[in-house]
Amino acid sequence: MNADADILFVAMENWDEVWRRDQCVAAEFARRAPGRKVLYEGLPIDVSHGLRTLSLRPLWRALRRLRTPASPQGLPNIHLFNPVKWLPTSLPFGQRFNRWLERRQLRRAAHRLGLRRPILWLNPHYALHLAGRMGESLVVYDITDDWTQIRQAAWLRRQTIAEDAELCRRANVVFVVSERLRQLKSPLCPGVRVIPNGVHIERYRAVTDGTLEAHSATAAWRHPVLAYTGTIHPERVDLPLVEAVANAFPEATVALVGPRFLDARTERRLRAHANILLPGPFPFEEMPRLMRAFDVCIVPHVLSAFTESLDPLKLYEYLASGLPIVSTPVPGFRDHPRWVRLGRTAPEFCAAIREALAEPHSARARRRAAASGHAWSARVDAIEATIQSTSSLCQDTPSSPSSSSATTPRPSR
């Protein structure tokens, strides 16, 4: 990979205080090559929805977006961008118009920043329409979840399957985060490469090495603190299991830390338990101090086809912290039986928590050591090596930004 190759990074979320794989990878790209420009596209500004709901905020954000894109603190070569969406996507013409406009806006932003034949890094399957139209040198498709397995309308699922399959076929490089995703995508892309998630090891090692004070937000939390960090969504989190834990440990604090995607009824049911807390998301920089108050990290994930494809970031963060871990037998966590206690049913899960609470403190240093091979720097080393080998084969075959179906030819594998 060229040391100063620019990157057009299309993500499934905005660059905000909650860091996920996209931010971690993009930040590592930017840090190791200060001369590289990274244009990071987040979610569209939905003006059509704002007009339908009589909210002027999206329109105001759209007008502000016309200014020079901002950069995250400490990363001046990352430039943040949000396209403007004017029409409802539910209309066939609306979707076509929005995609045409997104391409136009993205090309203009790339031109303003001086990007030349950038690497086009795509996380969303619905970004298929960008491939071959951004003047890119090659296309990377980074698959983090099996979105074909989530509950959605039948027409949307058919579209998701078709877009994902076509992008697998057309991308020059396809990365997946888990072995299950490799199995699913190999028929479409035999050269798919598994690059799991990672962790900023030193940041999380400070959780249990005695150098941090607990976050002030945790001052009133009763111990033991049984805590989960991550997206709180019924597709991921087994909420009846969370309630069972709260009932089994009435003296404990059961904290679900992260963005919530719950309907009002479900949230009220959880809040009816006096010892279940839903404090919301915390900034990436503050997470180690928040985790300083944890006694056990819990992962009450649903067992489903969707979660079978995951490689949770929290696995590596929990390992690096050294804290005891209790999880349902989902991928990643079940692969580390020496460091993770597993429970499939509520009684098994609660029994594992009791064992974790009795764990000797000396186990924390050994768990931290187990995280040493999972640094983000090592993950991006592997990513760059793969892109470099592919780029050397594709460097003489530029894509055409004006073609509706062009993309850089996939090299033979």
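Remarks
- Flag if P347 is part of a loop (DSSP other than H, G, I, E, B) and either out of contact with any strand residue (DSSP E or B) (no Cβ under 8 Å at 6 or more places or on another chain) or modelled with pLDDT of 95 or more (or both): no
- Filtering region 112-131 to residues that are of a type outside the set (A, V, I, L, M, F, W, C) and either modelled with pLDDT of 95 or more or at positive phi (or both) leaves G114, R117, P118, N123, P124, H125, Y126, H129.
- Being within 21 Å of V174 (Cβ to Cβ) and touching a residue at least 12 places away in the same chain (Cβ under 8 Å) is a property that L101 lacks.
- Cross-chain or 6+ apart pairs with Cβ under 8 Å, region 270-285 first and outside the structural domain of E17 (by TED's automatic domain parsing), then among the acidic types (D, E) and part of a helix (DSSP H, G or I): L270/E243; H273/E243; I276/E243; L278/E267
- Residues considered: V340, V330. Of these, the only one that is under 20 Å from the mean Cα position of the chain (by Cα), assigned by TED's automatic domain parsing to the domain that holds L239, hydrophobic (A, V, I, L, M, F, W, C) and closer than 11 Å to V299 by Cβ is V330.
- Among the candidates T266, T328, residue that is touching an Asp or Glu at 6+ places or on another chain (Cβ under 8 Å) and of a type outside the set (K, R): T328
- Annotation for region 44-65: at least one member residue is modelled with pLDDT of 85 or more and farther than 24 Å from A171 by Cα.
- Where T148 falls short, out of the listed (1) out of contact with any Gly (no Cβ under 9 Å at 6 or more places or on another chain); (2) modelled with pLDDT of 95 or more; (3) among the β-branched types (V, I, T): (2)
- Residue tally, condition part of a helix (DSSP H, G or I) and of a type outside the set (F, W, Y), over region 95-144: 22
The values are calculated or read from the model by the stated rules, or taken from the named source; none is laboratory data. Everything numeric in this text was worked out from a predicted model, so none of it was measured. Using ideal geometry, Cβ is built from the backbone for each residue, glycine included, and neighbour counts are taken over all protein chains shown.
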